[in-house]
Amino acid sequence: MKVSMKMISEATGFSTATVSNALNYKPGVNRQTAEKVFEAARRLGYFAENKVHKIKFVIYKRNGLIVEDTPFFQIMTAGAESECRSNGMEMMLCNLDRRDANFDEQLRWIQNDKSAAVILLGTEMTDDDTDLIRGLSVPFIVIDYWKSDMAYNSLLINNADAARMATEYLIHKGHQEIGYLRGDYRICPFRNRSSGYRSALRRANVPLREEFIFTLRTTIEGACEDMNRILDVGTKLPTAFFADNDMIALGAMKAMTDHGIRIPEDISIIGFDDLPFSAVSAPPLTTLRVPKQEMGKVAVRRIMEILKSGEELCMKQQVLPVFIERESVRAR
């Protein structure tokens, strides 16, 4: 017989609502009550029977500076939801925000809910956040974060090779002064893009000019304000820039345009992500298209493979973005 919350309620004397709240780590249940509920659930075999029947797509936010205010991740979750439907699985979208007062309760609920596998969007993760991964007791895959001394299933963008390709494109267009618009929040993908940018310059014997590396905030408005301050003091600029993402590129372009700098006639710019509005910016932005929707689908497929086979093999999968040539780059 399947163990229900009503049975646990009868065994403990607590209401089914209290039992549900305790098992789902929701606030409002004191420690003593939660311990009694979990003890009864284990004794009755509730966890043994609680098999995976849904997928939680967890968007982790350390500060929200990357994953908020961008359509990138909405497209990815749409792809995951579509693939879940194709596999007869329910998908639950969860925001796990370290700034929330009940963060610890939310995390325990995600880590210990045996009924749900987890897709963890780790874009904003740092090496201080590995507790998110280490505590997971259910099948899971992490998107957009990798730590080399840990073994887990991951799905990554090949950031280094993509950034190298973009920088090489600028070199092939005749640019010898190539700057870098770096995001001020140094997430793992940005660090890898920096490596690709530097690698391309090194391979082509093009000088790396530190004075052409500018740190900007990661929102369009923030990047625009930061670039305005740089331009206001008459800072010398290179002939081209590679930017960590489209948000930064578009913000910098706005500031340059406001200062009378023509793109691409005076300065060429390449972004990263291919956000929907990058195609209609002025001028349309040359960028790297990340297969956002497909990444969501691939993550679900990997979870389904793990659930069906029970395999313990961990896989690190990478997708290479597609170069999208538009009108923000000009040959020298």
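Please go through the stretch 275-293 and give me each residue that is touching a helix residue (DSSP H, G or I) at 6+ places or on another chain (Cβ under 6 Å) and either free of Cβ contacts under 8 Å to residues at least 12 places away in the same chain or under 21 Å from Asn87 (Cα atoms) (or both), ordered by number.
Listed by number, the residues that qualify are Lys292, Gln293.
Among the numbered conditions (1) under 24 Å from the mean Cα position of the chain (by Cα); (2) in the same structural domain as Glu211 (by TED's automatic domain parsing), tell me where Arg302 comes up short.
So the condition that Arg302 fails would be (2).
With the condition kept exactly as written, say whether any residue in the stretch 165-180 is without any contact (Cβ under 8 Å) to a residue 60 or more places away in the chain, within 20 Å of the chain's Cα centre (by Cα) and surrounded by fewer than 19 Cβ atoms within 10 Å (Cβ to Cβ).
Looking through the stretch 165-180, none of the residues is without any contact (Cβ under 8 Å) to a residue 60 or more places away in the chain, within 20 Å of the chain's Cα centre (by Cα) and surrounded by fewer than 19 Cβ atoms within 10 Å (Cβ to Cβ).
Return the residues of the stretch 193-221 that are within 21 Å of Ala255 (Cβ to Cβ) and of a type in the set (Ser, Thr, Tyr); say none if nothing qualifies.
Tyr197, Thr215, Thr218, Thr219
Mind listing whichever residues of the stretch 4-50 are at pLDDT 75 or above, surrounded by 14 or more Cβ atoms within 10 Å (Cβ to Cβ) and either touching a Gly at 6+ places or on another chain (Cβ under 7 Å) or not in a helix (DSSP H, G or I) (or both)?
Within the stretch 4-50, Ser4, Phe14, Asn21, Val29 meet the criteria.
Scanning for something surrounded by 19 or more Cβ atoms within 10 Å (Cβ to Cβ) and out of contact with any His (no Cβ under 9 Å at 6 or more places or on another chain), does the stretch 311-320 turn up at least one residue?
From the stretch 311-320, those surrounded by 19 or more Cβ atoms within 10 Å (Cβ to Cβ) are none; that's our starting set.
No, the stretch 311-320 has no match at all.
In this structure, does Asp131 turn out to be acidic (Asp, Glu), under 22 Å from Ile303 (Cα atoms) and either loosely packed, with under 15 Cβ neighbours inside 10 Å or not assigned by TED's automatic domain parsing to the domain that holds Gly45 (or both)?
Here the answer is yes, as Asp131 does meet what is asked.
If a residue has to be in contact (Cβ under 8 Å) with a residue 60 or more places away in the chain and either in contact with a strand residue (DSSP E or B) (Cβ under 7 Å, 6 or more places away or on another chain) or surrounded by 19 or more Cβ atoms within 10 Å (Cβ to Cβ) (or both) to count, how many in the stretch 76-90 make the cut?
Going residue by residue through the stretch 76-90, those that are in contact (Cβ under 8 Å) with a residue 60 or more places away in the chain are 76-84, 87, 89.
This time we only want the ones that are either in contact with a strand residue (DSSP E or B) (Cβ under 7 Å, 6 or more places away or on another chain) or surrounded by 19 or more Cβ atoms within 10 Å (Cβ to Cβ) (or both), so: 76-77, 79-81, 83-84, 89.
Total meeting the criteria: 8.
Quick one: Glu68 ticks every box in (1) under 23 Å from Leu275 (Cβ atoms); (2) part of a helix (DSSP H, G or I); (3) without any contact (Cβ under 8 Å) to a residue 12 or more places away in the chain; (4) acidic (Asp, Glu) bar one, so which box is it?
In the conditions (1) under 23 Å from Leu275 (Cβ atoms); (2) part of a helix (DSSP H, G or I); (3) without any contact (Cβ under 8 Å) to a residue 12 or more places away in the chain; (4) acidic (Asp, Glu), Glu68 misses (2) alone.
The values are calculated or read from the model by the stated rules, or taken from the named source; none is laboratory data. Owing to the predicted nature of the structure, the values given are computational and were not obtained by experimental measurement. Cβ sites come from the backbone with ideal geometry, for glycine too, and all protein chains shown count toward neighbours.
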